[in-house]
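**Student:** Mind having a look at this structure? Questions to follow.
The values are calculated or read from the model by the stated rules, or taken from the named source; none is laboratory data. As the structure is a computational prediction, the values presented were derived from the model and not from experiment. Using ideal geometry, Cβ is built from the backbone for each residue, glycine included, and neighbour counts are taken over all protein chains shown.
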Amino acid sequence: MVSKPNLVIPALIVGLGNPGEKYDQTRHNVGFTAVDVLARRWQLALAAERKFKGEFGQGLGGPSGQRVRLLKPSTYMNLSGQSIRAVVDWYNLPVSSVLVLSDDLDLPLGKIRLRLCGSAGGHNGLRSAIAHLGTQDFPRLRIGIGQPASPGQQRDTITHVLGRLSAQEAKVLEAVLGVVVEAVECSLNQGVEKAMSLYNGRTVATAPL
């Protein structure tokens, strides 16, 4: 009999972003926004935790009431791995149980992509996570924010990433975050690979912007 591989079930869900009002609700902070949505859905309180260098909360979440931990690093994006590493070490978690939620320039607004492992893809928060965890082998869920009008211009890219969504784009993102919740809950209940098969092809319909 061929044995089934172990399911990858998240125990720590990390949203990447930058702290402070300046960055609140920007495209680069959609990871923070997604964790806030999960916290509200599961009625988990997030509070500043000095030893983790971030906002942290834990309790029962998902469709089956699993023990889950939520983290929003307050180290700024480029040092996110410090915060993630602190939680992993404190709870002695396997790195494969860390699910990182981040924005993705290369995905259009309206799409998400879930992977079991992979490179940073130019994302400084993921690069820091990989450096501090010592491996690329942890799941990540990328939330599309789309490219700026002039993707070849670095200044335009920075302005786009650190800018806020239009009212119409915000409506699309709200729908996308509903899909993110479904994908995360599926990952908790049936494993990341199952969620990948169900949600990586999903697109939230967008009207012309």
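**Student:** Could you tell me whether the range 141-149 includes any residue that is of a type in the set (Lys, Arg) and within 18 Å of Ser102 (Cβ to Cβ)?
**Tutor:** Yes, the range 141-149 contains a residue that is of a type in the set (Lys, Arg) and within 18 Å of Ser102 (Cβ to Cβ).
**Student:** From the list Arg85, Arg115, pick out the single residue that is in contact with a Pro (Cβ under 8 Å, 6 or more places away or on another chain) and among the charged types (D, E, K, R).
**Tutor:** Arg115
**Student:** May I pose another question? Only one residue in Leu60, Leu79 is surrounded by 15 or more Cβ atoms within 10 Å (Cβ to Cβ) and hydrophobic (A, V, I, L, M, F, W, C). Which one?
**Tutor:** Sole residue among the options that is surrounded by 15 or more Cβ atoms within 10 Å (Cβ to Cβ) and hydrophobic (A, V, I, L, M, F, W, C): Leu79.
**Student:** Taking the conditions exactly as written (within 19 Å of Asn29 (Cα to Cα), in contact (Cβ under 8 Å) with a residue 60 or more places away in the chain and in a helix (DSSP H, G or I)), does Glu169 satisfy them or not?
**Tutor:** So Glu169 fits the description; yes.
**Student:** Quick one: in the range 63-76, of everything that is of a type outside the set (Phe, Trp, Tyr) and either surrounded by fewer than 20 Cβ atoms within 10 Å (Cβ to Cβ) or at positive phi (or both), which residue is modelled with the highest pLDDT?
**Tutor:** Thr75
**Student:** Now, a different point. For residues that are surrounded by fewer than 16 Cβ atoms within 10 Å (Cβ to Cβ) and not in a helix (DSSP H, G or I), scanning just the range 177-207, find the one that is modelled with the lowest pLDDT.
**Tutor:** It comes out as Ala207.
**Student:** Give the number of residues within the range 71-91 that are part of a helix (DSSP H, G or I) and aromatic (Phe, Trp, Tyr).
**Tutor:** Looking only at that region, the number is 2.
**Student:** Tell me, which strands (runs of 3 or more DSSP E) lie completely within the range 97-154 with 2 or more residues that are more than 19 Å from Leu198 (Cβ to Cβ), modelled with pLDDT of 95 or more and aliphatic (A, V, I, L, M)?
**Tutor:** Passing ranges, in order: 98-104.
**Student:** Another question about this same structure. When only residues in the range 182-193 that are in contact (Cβ under 8 Å) with a residue 24 or more places away in the chain and in contact with a helix residue (DSSP H, G or I) (Cβ under 6 Å, 6 or more places away or on another chain) count, which is farthest from Phe32 (Cα to Cα)?
**Tutor:** Ser187
**Student:** Given the criteria under 20 Å from Arg69 (Cα atoms) and touching a helix residue (DSSP H, G or I) at 6+ places or on another chain (Cβ under 9 Å), does Leu165 qualify?
**Tutor:** No; evaluated as a whole, the condition is false for this residue.
**Student:** Go through the range 125-174 residue by residue and tally those that are at positive phi and loosely packed, with under 15 Cβ neighbours inside 10 Å.
**Tutor:** 1
**Student:** Conditions: (1) buried (at least 16 other Cβ atoms within 10 Å of the Cβ); (2) over 16 Å from Ala11 (Cα atoms). Gly118 meets all but one. Number of the miss?
**Tutor:** (1)
**Student:** Of the numbered conditions (1) in a loop (DSSP other than H, G, I, E, B); (2) closer than 18 Å to Asp36 by Cα, Glu174 fails exactly one; give the number of that condition.
**Tutor:** (1)
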